[in-house]
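Enquirer: This is the structure I want to talk about, given as structure tokens.
The values are calculated or read from the model by the stated rules, or taken from the named source; none is laboratory data. Only a predicted model underlies this, so the values are computations on that prediction, with no experimental measurement involved. Cβ: placed from backbone, ideal geometry, glycine included. Neighbour counts: every protein chain shown. Accessible surface is based on the protein model in full, side chains and every heavy atom, while ligands, DNA and RNA are left aside. Shrake-Rupley method; radii C 1.70, N 1.55, O 1.52, S 1.80 Å.
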Amino acid sequence: MADTTHCSLQAKRLLLDPKFEGYKLSLEPLACYQLGLDAAVAEVQLRDDQYTLDHMRAFGMYNYLHLDSWYQDNVYYVDQFGRVMNLSVTLDTALQKPREVFRLPTDLTACDNRLCASMHFSSSTWVTLSDGTGRMYLIKSGKRGSSASEKWEIVFNEELGSPFIIAHSVSFVKSDTHSLAVLLLRVEKDELDTKGSGFHTTLEWVTIAERKEGDHRYEIIKRRILQGKSVPHYAAIEPSGDGLMIISHKPFKFMQSDSDKLEENDDAKISNEKKVVDPLYYWQQTEDDVTITVHLPQDITKDDIKIHFSPDNLCVTLKDQPPLMEGKLFSSVDHESCTWIIREDKSLEISLIKKNEGPRWPELIVGDTRGEFVMDSSQCSEIAESLMHLTSEVMNPNPEKENPPCNAQELEECDAFLEDGASLCRFDGNTLKITHVINLGSNQYLFSVVVNPREMPCFCLRHDVDALLWQPHSDQPENMWEHIATFNALGYVQASKQDKKFMACAPDYSYAALCECLRRVFIYRQPTPLSTVLYNRKEGRQVGQVAKQLVATLEANDPILGFQATSERLFVLTTKTLFLIKVNSGN
């Protein structure tokens, strides 16, 4: 971590609106279209052995609807027959049924421990696809969204171990060789974890490149694994394939090769041997005195011991060796009253009389950490009693008292975060070390969105009550994370939606949206100028613009499985229906 740069996110003041007055509920009707699916979505329920919060986050809350950001209003899903189905929208009033563009060669129902099928659009002509059984397909698709030019052809497929979902992928050319980098996510059993959940999360970074023989065949050239104790909120490979960015609650680190592990174990053993050393001395104290106990070697006699007391210093020497203890005492002592004796168990006991009675010493000799303070039971009880007024088993036991303690019941939903310690880390693909880190603190992660498919996905974080959208620029070290948009008060608003499942925003930032597990969709538009005159009654001033909230209720009893936003419309996927909600009219 010595070469790690600790950074911070710099919000742009011009993109913040401190005078934002909130959203006005609009009753304007939203055009909503629905398409019945020929076959149900290939939803995979969590098994009995997938019981942790990480399993729920990675697989239980999986977004089964995939937005192709390279082409406008183009979405995909996988149905129960293993067919990759596509809907490409040009005109809402002339919707076609979803069409099959590819069929997975494997029988999905034959694998007992499979995960949901997943895909990612690496470029305008390349797709990475997983069937959920542990096999990955690299597909050349042609120009997508058009039945005339779209033809999915398998270029590479290989079994890569236990089942995974694809978190991200990129396509790039390096040294005149076309390559793809893919990020695979797994939640695996951890036999060594006896105190935690018993599982860990792995991110496998796989690089596949075209062979140099010129036969257009592809092969895996590199596999690297990162491991952590939580499912990442965000994980994306840089467009150049040179680095990786992760937002997670608990840190990730690269797993080393066997030779590196042996070296590290040797170093760890040496450091542990240094650490496991008994304290040089033990000391206790009362309000009046300090007692020090030192275990003596067998061959030491009374004549070998030399102790020098002074008002502020202590020096203990055995035989002709360097001083065993020497230094400035934490506080002054009555040096003429200090004594020492050798006890029957061959230990040296030194008694220091405090010059100032009462105050407790936090240390004996200033800066000396070789001793251990021993507190007796009566002192423990005394300290506990003195702190009793700060704690209580009853919430706010005396509310009438002046300056009552904080009552957690008074906190609002938006003030509470499940995870306060999230961090954003950038890993270098060559050194496998963290180069940049940002402690996000209470800047809660909300969602990610692709604004420009040639750049990394943006991530949205809560800042105070607002939600700020950040665009990573891996090629700009001085401006690696740029604040590009603000959704006013969305951080506060979303916290009140206890049943929310997915969040998204339009790539042009014109609106943000969230959906609940069932039926309801909430849309929050950016402030727009008013066509009529409106006054703020409290302040008596004219309001120039207003931000609208819209609510759509879907005619469906099935849970929402997928949710995607484009600049014009929202796509909502349930088990048997695909809904389109027209949010903005086209230009």
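Enquirer: Of the residues that make up the stretch 44-53, is at least one under 30 Å from residue 201 (Cα atoms) and open to solvent by less than 10 Å² (accessible area, probe 1.4 Å)?
Expert: no
Enquirer: Assigned to a loop (DSSP other than H, G, I, E, B), surrounded by 19 or more Cβ atoms within 10 Å (Cβ to Cβ) and not basic (Lys, Arg): which single residue out of 187, 231 fits that description? Lay out the reasoning, then the answer.
Expert: Values: 187 fails: assigned to a loop (DSSP other than H, G, I, E, B).
From the options 187, 231, the qualifying one is 231.
Enquirer: Something else: Scanning the stretch 346-360 for residues that are at pLDDT 85 or above and open to solvent by less than 50 Å² (accessible area, probe 1.4 Å), which turns out farthest from residue 285 (Cα to Cα)?
Expert: 347
Enquirer: Looking at the structure I just gave you, is residue 63 assigned to a loop (DSSP other than H, G, I, E, B), open to solvent by 40 Å² or more (accessible area, probe 1.4 Å) and not aromatic (Phe, Trp, Tyr)?
Expert: Criteria not met by residue 63.
Enquirer: Okay, moving on. Scan (1) modelled with pLDDT of 95 or more; (2) surrounded by 14 or more Cβ atoms within 10 Å (Cβ to Cβ) for the single condition residue 452 breaks and write down its number.
Expert: The single condition residue 452 does not satisfy is (2).
Enquirer: Those residues that are open to solvent by less than 30 Å² (accessible area, probe 1.4 Å) and more than 16 Å from the chain's Cα centre (by Cα), I need them from the stretch 194-210; list them, please.
Expert: Within the stretch 194-210, 198, 199, 204, 205, 206, 207, 208, 209 meet the criteria.
Enquirer: If you don't mind, there's one more thing I want to ask. Return the residue satisfying two criteria in turn: it lies in the stretch 490-520 and is in a loop (DSSP other than H, G, I, E, B) and either modelled with pLDDT under 95 or touching a His at 6+ places or on another chain (Cβ under 8 Å) (or both), and of such residues it is least open to solvent (accessible area, probe 1.4 Å).
Expert: 497
Enquirer: Taking the stretch 1-57 as the search range and keeping residues that are part of a loop (DSSP other than H, G, I, E, B) and among the polar types (S, T, N, Q), which one is farthest from residue 199 (Cα to Cα)? It would help to see each step written out before you state the result.
Expert: Residues of the stretch 1-57 part of a loop (DSSP other than H, G, I, E, B): 1-4, 7-12, 16-22, 26-31, 37-40, 42-52.
Imposing the further condition that a residue be among the polar types (S, T, N, Q) reduces the set to 4, 8, 10, 26, 45, 50, 52.
Working: 4: 28, 8: 31, 10: 35, 26: 46, 45: 19, 50: 10, 52: 8 Å.
Among those that are part of a loop (DSSP other than H, G, I, E, B) and among the polar types (S, T, N, Q), it is 26.
Enquirer: Looking only at the stretch 521-555, count how many residues are modelled with pLDDT under 90 and open to solvent by less than 40 Å² (accessible area, probe 1.4 Å). If you could, list the steps in order and put the result at the bottom.
Expert: Residues of the stretch 521-555 modelled with pLDDT under 90: 528-546.
If we keep only those that are open to solvent by less than 40 Å² (accessible area, probe 1.4 Å) too, we end up with 536, 543, 546.
Total satisfying the criteria: 3.
Enquirer: Looking at this structure, is residue 128 open to solvent by less than 30 Å² (accessible area, probe 1.4 Å), out of contact with any Ser or Thr (no Cβ under 6 Å at 6 or more places or on another chain) and of a type in the set (S, T, N, Q)?
Expert: Criteria not met by residue 128.
Enquirer: Still on this structure: List the residue pairs whose Cβ atoms are under 6 Å apart, where the first residue sits in the stretch 478-494 and is without any contact (Cβ under 8 Å) to a residue 12 or more places away in the chain, the second is in a loop (DSSP other than H, G, I, E, B), and the two are 6 or more positions apart or on different chains.
Expert: Going by the 6 Å Cβ cut-off, the qualifying pairs are 479/473.
Enquirer: Still on this model: Determine, yes or no, whether residue 328 is over 21 Å from residue 374 (Cα atoms), open to solvent by 80 Å² or more (accessible area, probe 1.4 Å) and part of a strand (DSSP E or B). Talk me through it step by step, then tell me what you get.
Expert: Numbers: over 21 Å from residue 374 (Cα atoms): no; open to solvent by 80 Å² or more (accessible area, probe 1.4 Å): yes; part of a strand (DSSP E or B): yes.
In short, no.
Enquirer: If you don't mind, there's one more thing I want to ask. Given the options 139, 154, name the one that is more than 24 Å from residue 452 (Cα to Cα) and either in contact with a Phe, Trp or Tyr (Cβ under 7 Å, 6 or more places away or on another chain) or among the charged types (D, E, K, R) (or both).
Expert: Numbers: 139 fails: more than 24 Å from residue 452 (Cα to Cα).
Exactly one residue qualifies, and that residue is 154.
Enquirer: Report, by residue number, each residue of the stretch 136-163 that is surrounded by 14 or more Cβ atoms within 10 Å (Cβ to Cβ), closer than 15 Å to residue 207 by Cα and within 32 Å of the chain's Cα centre (by Cα).
Expert: Residues satisfying the conditions are 136, 137, 138, 139, 156, 157, 158, 160.
Enquirer: Tell me whether the stretch 417-428 contains one or more residues that are assigned to a loop (DSSP other than H, G, I, E, B), over 17 Å from residue 496 (Cβ atoms) and either hydroxyl-bearing (Ser, Thr, Tyr) or modelled with pLDDT of 90 or more (or both). Before you say what the answer is, go through the steps one by one.
Expert: Step one: of the stretch 417-428, the residues assigned to a loop (DSSP other than H, G, I, E, B) are 417-421.
Imposing the further condition that a residue be over 17 Å from residue 496 (Cβ atoms) reduces the set to 419-421.
Now drop any that are not either hydroxyl-bearing (Ser, Thr, Tyr) or modelled with pLDDT of 90 or more (or both), which leaves none.
No, the stretch 417-428 has no match at all.
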